[in-house]
Amino acid sequence: MNDSSTARLPGGSWTLGDSTLTRFGYGAMQLAGPWVIGPPADHDGAVAVLRAAVDAGITHIDTSGAYGPRITNELIREALHPYPETLFIATKVGADRDAQGGWPTARRPEDLSRQVHENLDALGVDALDLVNMRMGDANGTQPGPIAEALHALVELQQQGLIRHLGVSNVTEEQLAEARAIAPIACVQNMYNLAHRHDDALVDQLAADGIAYVPFFPLGGFTPLQSQALSTVAGRHGCTPLSIALAWLLQRSPNILLIPGTSSPKHLRENITGAACVLTEQDVAELDGIGG
Ligand SMILES: NC(=O)c1ccc[n+]([C@@H]2O[C@H](COP(=O)([O-])OP(=O)(O)OC[C@H]3O[C@@H](n4cnc5c(N)ncnc54)[C@H](OP(=O)(O)O)[C@@H]3O)[C@@H](O)[C@H]2O)c1
């Protein structure tokens, strides 16, 4: 990444292993069709927003073979392959899709090996930059051992198919179990202004130098709405959702953003607003949303 990329994106960069990622990244999940099934309504628009993200200097894209399924990865490949050397694509494994659009768990070693190879194939790469072992389900985290699944990913990493390992949708127990098995580069859990269950975890990971990548940073399928967000946004002349991103960037230096959008206009608004420097009063008012 050249220095101007990090300089023009809010939040600067984060070093993850041998890579430097812009803290302002892009989440590709909702580029597929409704409820993350099938092709997008506007195929060319989806390709254009991916290119706009990279043109803006973003070097971190989050995806999964389960999105579409396969469709989001194919869009990324169509839009961006051959990938810039600086682009870091994080994916995740642990679930398949069924005919009803559900996300059935699939984390036996043979499932994970198949999913890793599907991601490699659809993205058109020889090795995946980062694979998150996704635990839990559509309802959130679920207790249970992660060891067998993580050992399977470690084996794939030893074969040279994966550069870094992360975990997603995990409990603190699962994270501790994973960290005892292999170096974990990031945790991707649900977290935003209104869902702050992981507050203590964010701080602990920051102290340990591990990235925390909140999914649904804007609230996901039902984007955040609150009077406090609108008030603070009005004060800064930004959009309310972009203020939710500014708050995350300011919350902790190890937080990496992967907001999703299908709109180049929203992408620009989000980048602009995330650069707002929030005052103590702003933060106190915004903290009240999660209280
Ligand atoms: N690990 C996991 O289990 C897991 C689960 C869910 C998601 N994820 C990851 O998290 C990433 C982010 O999640 P997400 O995209 O579902 O949710 P999100 O980033 O919280 O929110 C995306 C929604 O916000 C809207 N939006 C964005 N900017 C806006 C703006 N400026 N004004 C108005 N609306 C705006 C988008 O609509 P428009 O398209 O109209 O802009 C879209 O509906 C995903 O891409 C995925 O990679 C991971």
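Here is the figure for the stretch 220-245: residues that are outside any loop (DSSP other than H, G, I, E, B) and more than 12 Å from the ligand (Cβ to nearest atom) total 8. Which ones in the stretch 170-219 are within 16 Å of the ligand (Cβ to nearest atom), under 22 Å from Leu130 (Cα atoms), part of a loop (DSSP other than H, G, I, E, B) and among the small types (Gly, Ala, Ser)? Within the stretch 170-219, just Ala185 meets the criteria. Can you confirm whether His164 is outside any helix (DSSP H, G or I), loosely packed, with under 15 Cβ neighbours inside 10 Å and at pLDDT 95 or above? Judged against the criteria, His164 is not a match.
For the stretch 265-291, give me each residue that is among the charged types (D, E, K, R) and exposed (fewer than 14 other Cβ atoms within 10 Å of the Cβ).
Lys265, Glu280
For first residues located in the stretch 226-247 and within 9 Å of Ala274 (Cβ to Cβ) and surrounded by fewer than 22 Cβ atoms within 10 Å (Cβ to Cβ), partners that are of a type in the set (A, V, I, L, M) and modelled with pLDDT of 95 or more and lie 6+ apart or on another chain with Cβ distances below 9 Å form the pairs Cys238/Val232; Cys238/Ala246; Cys238/Ala274; Cys238/Ala275.
Can you pull out the residues in the stretch 274-291 that are in a helix (DSSP H, G or I) and either without any contact (Cβ under 8 Å) to a residue 24 or more places away in the chain or of a type in the set (Asp, Glu) (or both)? Across the stretch 274-291, the qualifying residues are Glu280, Gln281, Asp282, Ala284, Glu285, Asp287.
From Leu205, Leu193, grab the single residue that is modelled with pLDDT of 95 or more and surrounded by 22 or more Cβ atoms within 10 Å (Cβ to Cβ).
Working: Leu205 fails: surrounded by 22 or more Cβ atoms within 10 Å (Cβ to Cβ).
Exactly one residue qualifies, and that residue is Leu193.
When the stretch 252-275 is limited to residues that are touching a Pro at 6+ places or on another chain (Cβ under 9 Å) and either farther than 30 Å from Pro40 by Cβ or among the aliphatic types (A, V, I, L, M) (or both), the one that is nearest to the ligand (Cβ to nearest atom) turns out to be Ile258.
The values are calculated or read from the model by the stated rules, or taken from the named source; none is laboratory data. If you're wondering where the values come from, they're calculated on a predicted model, not measured in any experiment. We place every Cβ from the backbone using ideal geometry, glycine too, and count neighbours over all the protein chains shown.
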